[in-house]
Amino acid sequence: MKVLVIGDVIIDKYIYGTSERLSPEAPVPVVKHLREVETLGGAGLVYENLKSLGVDVTLMESDHGYRSVKTRVICDGHYVTRIDDDKRASGNAVLADVLSNDFSQYEYVILSDYDKGVLDNAKEIIAHINTFGCKVIVDPKEHANHYINAWLIKPNYSEFTKFGFISWQGNIITTNAGNNIVATIDNTDYDIPVEAVEVSDVTGAGDCFLAAFVYGLTKQYNHKKCLELAVRGSREAVKHVGTYILTVTDIEDTIVFTNGVFDILHIGHLKLLSHAKTLGNRLVVGINSDSSVKRLKGDLRPINDESTRKESLLMLGFVDEVIVFEEDTPLETITILEPNIIVKGGDYIPATVVGNHLATVVIFPTVEGHSTTKIINYKEENTL
């Protein structure tokens, strides 16, 4: 699915520095300049986030170079001041550009309005884009009447009350509504809780929210999941000072799977599992049931029953879930789970790993001298 972004592109400039003294002229810090960073903000930040998330996205640059610059001075991790150099684009020139374009290739068109001129004629722009069957999604800065016939609108709570969105009849997402995200999409109401997080900087949080939501739409997820991804995106953004660009792992669970008997845990197991966890944010371990182990390794195995093996693995901080499977291989479990990555030890090659056609296979080097069989044999020899 192709996505187009139209709106006010802002240049976010960050000047980072440090300070050890106050100025003698005024009670302000003397900032020693360390570095400067420039990134796209506004509509540009929505575009950059969608691109980072792997969406087929285009930014329609219709401001003809009239871009506002927001310069933020950050000293020792804290904001000192912001300097705005506002420039206003010609709304009529933008409208002329839009009316001369064919939008039939796009499934979604995002209008990111920062009230810098690009979307002064939003009503006419929406009407034209609608003739191509696109779904128009708006991040507003004006009265609701300005965006009539948009498919979905996303005001924050202040905009919701100030600009008359309380009477909006179409799809709407309201952010910052207490502790929840409140939405109505296709006549279904949603109330998505937002967990508290330590906030470092709210810059771009709304743009990250919107990008993550649209990412979900392009994946054809249901609307509830799209909203949950959007919440994750905005929560991740506010953890960072300065403009933040999302990655898929910020909003999606990257599921890592490995499997085995795990009869007697040893250092080789622990190193493999610890490494596997670093590859994603959810580690699922499949273990053979007791009956499966007996079929594969004989009547004397397992040493520890499946409930003990499962409990032992779950006590490790890096294991999120343990699944006991009855079959001789975990293929059915892998098919249902749909992991992104499968991790196996160094005695495998990717082509021989069960489920290699369903996920990326990562081989972790074997830790020499450590195996369950070796431990059992050693015990038997010394017992005799």
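Nothing in this text is a laboratory measurement; each read-out follows from the coordinates by a stated rule. Note that the structure is a prediction, hence the values are computed from the model and not measured. Ideal geometry is used to build each Cβ from the backbone, glycine not excepted, and the neighbour counts take in all protein chains shown.
Worth a mention:
- Its relative contact order, with pairs defined as Cα atoms under 8 Å and 6+ residues apart, puts the chain at 11 percent.
- The gain in end-to-end length when the Thr278 to Asn149 segment is fully stretched comes to 41.9 nm, 0.36 nm per residue minus the alpha carbon separation.
- Principal axis extents of the C-alpha atoms in the stretch 1-120 (largest first, rounded to whole Å): 60, 32, 16.
- Difference of contour (0.36 nm per residue) and Cα-Cα distance, Leu99 to His64: 11.0 nm
- Of Lys32/Lys116; Lys87/Lys239; Lys13/Lys224; Lys2/Lys123; Lys13/Lys162, pairs whose Cα-Cα distance is over 27 Å: Lys32/Lys116; Lys87/Lys239; Lys13/Lys224; Lys13/Lys162
- Within the listed set Lys225, Lys294, Lys239, the Gaussian network model of the chain (springs between alpha-carbon atoms below 10 Å) gives the highest mean-square fluctuation for Lys294.
- Relative to the dominant Cα principal axis of the chain, helix 372-383 is inclined by about 30°.
- The stretch 207-306, Cα convex hull volume normalised per residue, Å³: 137
- Charge context of Val37, other residues only, Cβ under 14 angstrom, K/R +1, D/E -1: -1
- Secondary-structure-derived ellipticity at 222 nm for the chain, considering helices only, amounts to -8500 deg cm²/dmol, per-run term -39500 (n - 2.57) for DSSP H runs with n ≥ 4.
- Cα convex hull volume per residue for the chain (Å³): 199
- Estimated D of the stretch 255-383 in µm² per second, where Rh is the Kirkwood radius over Cα pairs and Stokes-Einstein applies at 4 °C, 1.567 mPa s: 87
- Low-density loop cleavage sites - GluC sites (Glu not before Pro) in the stretch 186-243, where at most 11 other Cβ are within 10 Å (DSSP): Glu195, Glu198
- Anchor Lys271: aspartates and glutamates whose Cα lies under 13 Å away (excluding residues fewer than 8 positions away in-chain): Glu368
- Using a simple spin-label model with pseudo-atoms 7 Å out from Cα toward Cβ, Lys239 and Val202 lie 2.0 nm apart.
- Degrees between helix 267-278 axis and first principal axis of the chain (Cα, 0 to 90, nearest 10): 10
- From the alpha carbon centroid of the stretch 281-336 to that of the stretch 136-172 is 51 Å.
- Between Val261, Val238, Val182, the Gaussian network model of the chain with springs among Cα atoms under 10 angstrom shows the greatest mean-square fluctuation at Val261.
- Quotient of C-alpha Rg and 2.2 N^0.38 Å, computed over the stretch 149-205: 1.20
- Label-point separation in nm, Asn356 to Val248, each point 7 Å along Cα→Cβ: 2.1
- Acute angle (nearest 10 degrees) that the helix 43-52 long axis makes with the longest principal axis of the chain, alpha-carbon atoms: 20
- Gained length - Asp186 relative to Phe132, 0.36 nm times residue gap less alpha-carbon distance: 17.4 nm
- Virtual spin-label span in nm between Ser52 and Leu300, 7 Å along Cα→Cβ: 5.6
- Likely footprinting exposure, His64, His357, His128, fewest C-beta neighbours within 10 Å first: His357, His64, His128
- Residue order, fewest to most beta carbons within 10 Å, for Arg67, Arg21: Arg21, Arg67
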